[in-house]
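K.L.:
Here's a structure for you.
The values are calculated or read from the model by the stated rules, or taken from the named source; none is laboratory data. All of these numbers come straight from a predicted model, not from anything done at the bench. In this analysis, Cβ positions are derived from the backbone assuming ideal geometry, glycine residues included, and neighbour counts consider all displayed protein chains. Note: areas computed on protein heavy atoms with side chains; ligands, DNA, RNA excluded. Shrake-Rupley method; radii C 1.70, N 1.55, O 1.52, S 1.80 Å.
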Amino acid sequence: MTSAPDFVRTIRGVVGDEPFVGLHIPDITAAEKQKVYECLDSTFVSSVGSFVGDFERGIAEFTGAGYGIAVSNGTSALQVALELAGVSAGDDVIVPTLSFIATANAVSHAGAQPYFVDSDEQSLGMSVEAVRQVLRDSRSTPDGLVNSATGRRIGAIVPMHTLGHPMQIVELVELADSYGVPVVEDAAESLGSRVGSRHTGTFGTMGILSFNGNKIITTGGGGMILTDDEEIARRARHLTTTAKQVHRWEFEHDEIAYNFRMPNLNAALGLAQLERLPDFLVAKRRLAERYRQAFESFDDAVFLAEPTGTQSNYWLCAVRTRGGRERRDALLEATNDAGLQCRPFWNLLHLQTPYRNLPHARTPVAEALHDSVICIPSSPALAVA
Ligand SMILES: *Cc1c(COP(=O)(O)O)cnc(C)c1O
């Protein structure tokens, strides 16, 4: 078995000998500062200002989505997307148990309840077979499809592209379509990731992105709803901007809505980051390739490569270890002691306090992944040319 010092040495061989190497440090240069200053000078620092629209159009162009609606964070993007997908109070939404808690929280904020399913060993995303089983066992009613495990209507399915690796979204959308259940993609981690040439987040009825400080590009905090549907885009913009009717001076609002609009100041930062995204993606592929080679000789610590037929943004590079949670924790301890900020996966959602009493599907693969995967330092600056 590979020793912990060997594991540390291998990562050090790729990232160099800075005393502390973070998991994912945002890369901010003079270009970002200049854009933010430009925004400050304009005085349009809040939700009105030209940078928000420019950022939305930039992301739509980059991803190939018809429309982008910029919001305050990825969680609020997902909440609103679910509501616009028709999810209503009392529904179930099918969610992978292996995800960041925001995926489940957005479902709860939309008034629904997450129904957790297992993951796929290769893609790390939601298992299409697990979803197929839930849908096959469900009952068709005049209100829609009812989950036989809970007696609740299945309002939507939310796949997530884990660490930037695309899940089997084509197969999932085909399955969901055959049952008439909408798919909302949690693409918070996968800006720049594609299946074939098509960008993640553009396969479902809607997709969402996050621009939190630890994501591949950041706006400080921020998110975006992606859709090709003009009417959904219009509704999303209305619902996230207090449902104010357009008028030169009147304050008339036609429904109870949200103040979720991304501030211009954040969009300014995002615009400068977006220009650098192609370079980040190149750097990340280079870093991933270096790790892949470095771990090639290990048989008990395998670098997790992008699934066949996809292009991952390698948001977080990761290795799969053997020997269960005890060994995983020994390696986490050794790397963190050595100044290498390494992290396990999130604790499985169906075991976390707010969700532990909910019915859920079997989750053996997610459990095994949780006990064996370690995310390793992945900042783009580690592999600039
Ligand atoms: C980051 C993230 C989100 C959204 O996070 P925000 O901090 O609200 O922008 C949602 N889902 C996943 C899987 C994430 O990693």
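K.L.:
Of everything in the range 1-43, what is more than 16 Å from residue 383 (Cα to Cα), of a type outside the set (Asp, Glu) and surrounded by 18 or more Cβ atoms within 10 Å (Cβ to Cβ)? Give them in sequence order.
P.N.:
2, 7, 8, 35, 36, 39
K.L.:
Any residue in the range 84-94 that is farther than 30 Å from residue 358 by Cβ and more than 16 Å from the ligand (Cβ to nearest atom)? Let's see the steps before the verdict.
P.N.:
The first filter runs over the range 84-94 and keeps only residues farther than 30 Å from residue 358 by Cβ, leaving none.
No, because not a single residue in the range 84-94 is farther than 30 Å from residue 358 by Cβ and more than 16 Å from the ligand (Cβ to nearest atom).
K.L.:
Are any of the residues in the range 334-341 part of a helix (DSSP H, G or I), closer than 19 Å to residue 125 by Cα and open to solvent by 60 Å² or more (accessible area, probe 1.4 Å)? If you could, list the steps in order and put the result at the bottom.
P.N.:
Taking the range 334-341 first, the residues part of a helix (DSSP H, G or I) are 334-337.
If we keep only those that are closer than 19 Å to residue 125 by Cα as well, we get none.
Among the residues of the range 334-341, not one is part of a helix (DSSP H, G or I), closer than 19 Å to residue 125 by Cα and open to solvent by 60 Å² or more (accessible area, probe 1.4 Å), which makes the answer no.
K.L.:
Taking the range 228-250 as the search range and keeping residues that are assigned to a loop (DSSP other than H, G, I, E, B) and within 23 Å of the chain's Cα centre (by Cα), which one is surrounded by the most Cβ atoms within 10 Å (Cβ to Cβ)? Don't jump to the end; show me each part of the working.
P.N.:
Filtering the range 228-250 for residues assigned to a loop (DSSP other than H, G, I, E, B) gives 228-229, 240, 242-243, 245-250.
Restricting the remaining residues to those that are within 23 Å of the chain's Cα centre (by Cα) gives 228-229, 240.
Values: 228: 15, 229: 14, 240: 25.
Per the stated criteria, the residue is 240.
K.L.:
Would you call residue 113 open to solvent by 50 Å² or more (accessible area, probe 1.4 Å) and touching a residue at least 40 places away in the same chain (Cβ under 8 Å)?
P.N.:
On the way: open to solvent by 50 Å² or more (accessible area, probe 1.4 Å): no; touching a residue at least 40 places away in the same chain (Cβ under 8 Å): yes.
The answer is no for residue 113.
K.L.:
Next question, about the same structure. Give the residues of the range 333-353 that are under 19 Å from residue 25 (Cβ atoms) and either hydrophobic (A, V, I, L, M, F, W, C) or outside the structural domain of residue 370 (by TED's automatic domain parsing) (or both), sorted by residue number.
P.N.:
Within the range 333-353, 338, 340, 342 meet the criteria.
K.L.:
Would you mind telling me which numbered condition in (1) in contact (Cβ under 8 Å) with a residue 60 or more places away in the chain; (2) closer than 20 Å to residue 117 by Cβ; (3) within 13 Å of the ligand (Cβ to nearest atom) residue 164 fails?
P.N.:
It fails just one condition, (2).
K.L.:
Look through 208, 216, 225 and report the one residue that is open to solvent by less than 20 Å² (accessible area, probe 1.4 Å), in a loop (DSSP other than H, G, I, E, B) and in contact with a helix residue (DSSP H, G or I) (Cβ under 7 Å, 6 or more places away or on another chain). Give the derivation first.
P.N.:
Details: 208 fails: in a loop (DSSP other than H, G, I, E, B); 225 fails: in a loop (DSSP other than H, G, I, E, B).
Sole residue among the options that is open to solvent by less than 20 Å² (accessible area, probe 1.4 Å), in a loop (DSSP other than H, G, I, E, B) and in contact with a helix residue (DSSP H, G or I) (Cβ under 7 Å, 6 or more places away or on another chain): 216.
K.L.:
Out of curiosity, is residue 205 within 16 Å of the ligand (Cβ to nearest atom) and not aliphatic (A, V, I, L, M)? Working first, answer last.
P.N.:
Details: within 16 Å of the ligand (Cβ to nearest atom): no; not aliphatic (A, V, I, L, M): yes.
The answer is no for residue 205.
K.L.:
Right, something else. Report whether or not residue 69 is in contact with an Asp or Glu (Cβ under 7 Å, 6 or more places away or on another chain), in contact (Cβ under 8 Å) with a residue 40 or more places away in the chain and within 16 Å of the ligand (Cβ to nearest atom).
P.N.:
Values: in contact with an Asp or Glu (Cβ under 7 Å, 6 or more places away or on another chain): yes; in contact (Cβ under 8 Å) with a residue 40 or more places away in the chain: yes; within 16 Å of the ligand (Cβ to nearest atom): yes.
Yes; evaluated as a whole, the condition is true for this residue.
K.L.:
Consider the range 250-277. How many of its residues are free of Cβ contacts under 8 Å to residues at least 24 places away in the same chain and in contact with a helix residue (DSSP H, G or I) (Cβ under 9 Å, 6 or more places away or on another chain)?
P.N.:
Total satisfying the criteria: 3.
K.L.:
Now for a separate question. When you look at residue 268, is it under 24 Å from residue 28 (Cβ atoms), open to solvent by less than 70 Å² (accessible area, probe 1.4 Å) and either part of a strand (DSSP E or B) or more than 16 Å from the ligand (Cβ to nearest atom) (or both), yes or no?
P.N.:
So residue 268 fits the description; yes.
K.L.:
Going by the conditions given, is residue 320 within 21 Å of the chain's Cα centre (by Cα), without any contact (Cβ under 8 Å) to a residue 60 or more places away in the chain and open to solvent by 20 Å² or more (accessible area, probe 1.4 Å)?
P.N.:
Details: within 21 Å of the chain's Cα centre (by Cα): yes; without any contact (Cβ under 8 Å) to a residue 60 or more places away in the chain: yes; open to solvent by 20 Å² or more (accessible area, probe 1.4 Å): yes.
Against the criterion (within 21 Å of the chain's Cα centre (by Cα), without any contact (Cβ under 8 Å) to a residue 60 or more places away in the chain and open to solvent by 20 Å² or more (accessible area, probe 1.4 Å)), residue 320 qualifies.
K.L.:
Follow-up. Would you mention how many residues in the range 342-380 are assigned to a loop (DSSP other than H, G, I, E, B) and of a type in the set (Ser, Thr, Tyr)? Let's see the steps before the verdict.
P.N.:
As a first pass, look at the range 342-380 and keep what is assigned to a loop (DSSP other than H, G, I, E, B): 342, 345-348, 352, 356-363, 377-379.
Narrowing the set further to residues that are of a type in the set (Ser, Thr, Tyr) leaves 363, 378-379.
Result for the range 342-380: 3.
Every residue, every condition in (1) more than 11 Å from the ligand (Cβ to nearest atom); (2) under 20 Å from the mean Cα position of the chain (by Cα), yes or no:
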| position | (1), (2) |
| --- | --- |
| 153 | yes, no |
| 168 | yes, yes |
| 188 | no, yes |
| 223 | no, yes |
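K.L.:
Determine if the range 60-74 includes at least one residue that is touching a Ser or Thr at 6+ places or on another chain (Cβ under 6 Å) and outside the structural domain of residue 199 (by TED's automatic domain parsing).
P.N.:
No, the range 60-74 contains no residue that is touching a Ser or Thr at 6+ places or on another chain (Cβ under 6 Å) and outside the structural domain of residue 199 (by TED's automatic domain parsing).
K.L.:
Does residue 58 satisfy the criteria of being crowded, with 17+ Cβ neighbours inside 10 Å, closer than 30 Å to residue 259 by Cα and either modelled with pLDDT under 95 or touching a His at 6+ places or on another chain (Cβ under 7 Å) (or both)?
P.N.:
no
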